[in-house]
C-alpha cells in the first residue's frame, strides 16, 4: 500500500510516477484511503488543514510522487454576464455556507436540487454539468484565532480605525 505523507512544494523538480484522481469531498480531508486507477491501494496521511487542488503533488513514504487530479463530478453551473446577478447568487450560496467555484461569468457548486431550485427562483438558469470542482478556499484561510471574553476562540473582524464616543 502506498502511503502519501506530504505535499511537494510548488515548483519542485520531481518525477511524477502516477496520478491520484479525487473528488472535492476527499481532497479536503487529511486522512483517507482510496485506490489508484490500476487498483493499487493508497493511504493518505497528510498534515491537517490543507485542501488538495488539481495539480498538487504528493510524496509517498517510499519516495514516489503522485499528481492530484480533480475528479469530474456532478455540479450545478449558473452563468451570467451580469456581475450584480452573479454577486446576488453568490451571496445566497454563501449564506448557506456552501463551497462555490467562481469563474469568469459563472458559479459552480455541488449538485443539490433544493439549492438549484432556489437559484432558479432568483432568475438563474442552473445547468447540470460534469466537471472538476475547485471551490474558493474560504475567507478565514490563514486567519489567526483570538480568544474572546467568553473563552471561545475564532476569527475576529478588526476595526483599527479610531472610534468616536458619543457624549451623554
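Read-outs: derived from the displayed coordinates by stated rules, not from any lab. Computed from a predicted model, the values in this text were never measured in an experiment. FYI the Cβ positions are ideal-geometry reconstructions off the backbone, even for glycines, and counts take in every protein chain you see.
Remarks
- Counted by neighbouring Cβ atoms within 10 Å, the residues 17, 78 run from fewest to most as 17, 78.
- Peptides 40-49, 4-13 ordered by average Cβ neighbours within 10 Å, highest first: 40-49, 4-13
- Taking the range 1-85 and dividing mean pair separation by its residue count, relative contact order in percent (alpha carbons under 8 Å, at least six apart): 39 percent
- Annotation for the range 5-32 versus the range 85-102: alpha-carbon center distance of 27 Å.
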